[in-house]
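Structure first, then comments.
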Amino acid sequence: MKYLKKILLFIIIVIFSFVLYVELGGRYILNTIDKRLITWSVRSSNKLPENFNTFYNIVYPNSLLQNSWIFLGNAIINQNSQKKECPCNQMASNIFPRLGYQNKSSFDQFLIARYIEHSYSQKDCLNFNFRNFDFLENRKGIENVSKSLFNKEVKDLQPMEIAEILALYENPVKNNRYRSSERAKNRTEHFYNLYSKNLKR
């Protein structure tokens, strides 16, 4: 019984130390320049309008309310989980190659995601992702693709139009209305139907 208590205590200390390292590790593996890059990248990304945030959060349920720990748990349970379900995790993945930090690994990426989440919200990360995504055909950022496709500001987009942008965000080559109209239409309908279905729950 005495040895069992010691083993349990040791396991608890190891788990606590690991969690503490994950929560604080990003501060120490990133240099000042990398931290400034992350700060500048988030602050220079204008906020997305609420109609877009709401649509995204319905298509990917509660994605703007969770964090990388929840995403990791969901990914273990459901192998079909996508980074899009956690904007900050996806932001960490997108910005990772631009950092000066060496010896990069997927675990380090998780540390950086947690570092970002300690300072910014999932909405901030979503802003970064869509403001910096290359939709191809000289349409970098959501404002450019919105004007190109619909001649509208993002705040004026209808649900079906937002669905088409999500389809492009999923794959800007395969889901392009000009290159593959049928596939683009099907993926747009997929996201719109997902939105309608989740909205009724």
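Ranked from the most accessible area to the least, with a 1.4 Å probe and all protein chains present, what is the order of ILE58, ILE112, ILE33?
Values: ILE58 30, ILE112 0, ILE33 125 Å².
So, going from the largest accessible area down, we get ILE33, ILE58, ILE112.
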- Message: I'd like the distance separating the alpha-carbon centroids of the stretch 97-134 and the stretch 23-51, in whole Å.
- Response: 7
- Message: For the stretch 71-194, what does the accessible surface come to per residue with a 1.4 Å probe? Please give it in Å².
- Response: 49
- Whole-Hz Karplus couplings 3J(HN,Hα) for the stretch 184-196, θ = phi - 60° and coefficients 6.51, -1.76, 1.60, Gly and Pro as x, run 4, 5, 5, 6, 5, 5, 4, 5, 5, 5, 5, 4, 5
- Item | Accessible-area composition of the stretch 6-73, carbon plus sulfur, in percent [1.4 Å probe] | 69
- Query: Looking at the stretch 138-189 from every direction and averaging, what is the projected area of its Cα convex hull in nm²?
  - Reply: 3.2
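Under 13 Å from the Cβ of ARG27, count the other residues' Cβ atoms, weight Lys and Arg +1, Asp and Glu -1, and hand me the total. Write out the running numbers ahead of the final one.
Numbers: positive: LYS35, ARG114; negative: GLU23, ASP34, ASP108, GLU117.
My count for the surroundings of ARG27 gives -2.
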- Query: By a straight-distance test (C-alpha under 27 Å), which lysines pair with LYS83 as possible cross-link partners, with residues fewer than eight away in the same chain excluded?
  - Reply: LYS35, LYS47, LYS104, LYS123, LYS140, LYS147, LYS155, LYS174, LYS185, LYS197, LYS200
- Task: Have a look at ILE77, SER146, GLN66 and report the one farthest towards the positive end of the charge dipole of the stretch 50-154, computed about the Cα centre with Cβ charges (Lys/Arg +1, Asp/Glu -1).
- Result: SER146
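Averaging over every viewing direction, what projected area does the convex hull of the Cα atoms of the chain cover, in nm²? Intermediate values should be presented prior to the final figure.
Values: hull surface 56.7 nm².
Projected area, direction-averaged: 14.2 nm².
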- Message: Give the lysines whose C-alpha is closer than 18 Å to that of LYS2, dropping any in the same chain fewer than 8 places away, or say none.
- Response: none
- Message: Net charge within 14 Å of ARG183 by Cβ-Cβ distance, Lys/Arg positive one each and Asp/Glu negative one each, not counting ARG183 itself?
- Response: +1
- Could you pull the accessible area for PHE96 with a 1.4 Å probe, rounded to 10 Å²? 20
- Task: Read phi for every residue in the stretch 161-171 and hand back ³J(HN,Hα) as whole Hz from Karplus 6.51 cos²θ - 1.76 cosθ + 1.60, θ = phi - 60°, with x for Gly and Pro.
- Result: 6, 5, 4, 5, 5, 5, 5, 5, 4, 5, 7
- Can you find, among ASN186, LEU99, ASN171, the residue farthest towards the positive end of the dipole of the chain? Put +1 on the C-beta of Lys and Arg, -1 on that of Asp and Glu. LEU99
- Message: In the stretch 1-142, if the dipole is taken from +1 on Lys/Arg beta carbons and -1 on Asp/Glu beta carbons about the Cα centre, which of SER41, SER17, LEU30 is farthest to the positive end?
- Response: SER17
- So how far apart, in nm, are the two label points at LEU199 and TYR21 if each is 7 Å from Cα heading toward Cβ? 4.7
- Note on the structure: For LYS140, the residues 5 or more places away or on another chain with a placed amide H closer than 5 Å to its own amide H are PHE135
- Item | Partnerless cysteines, meaning none of the other Cys C-beta atoms lie under 4.7 Å away, in the chain | CYS86
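The values are calculated or read from the model by the stated rules, or taken from the named source; none is laboratory data. Keep in mind that what you see is a predicted model, and the values were worked out from it rather than measured. Don't worry about glycine lacking a Cβ; one is built from the backbone with ideal geometry, like all the others, and counts go over all protein chains shown. Side chains are part of the model used for accessible areas, which takes the heavy atoms of the whole protein and leaves out ligands, DNA and RNA. Shrake-Rupley method; radii C 1.70, N 1.55, O 1.52, S 1.80 Å.
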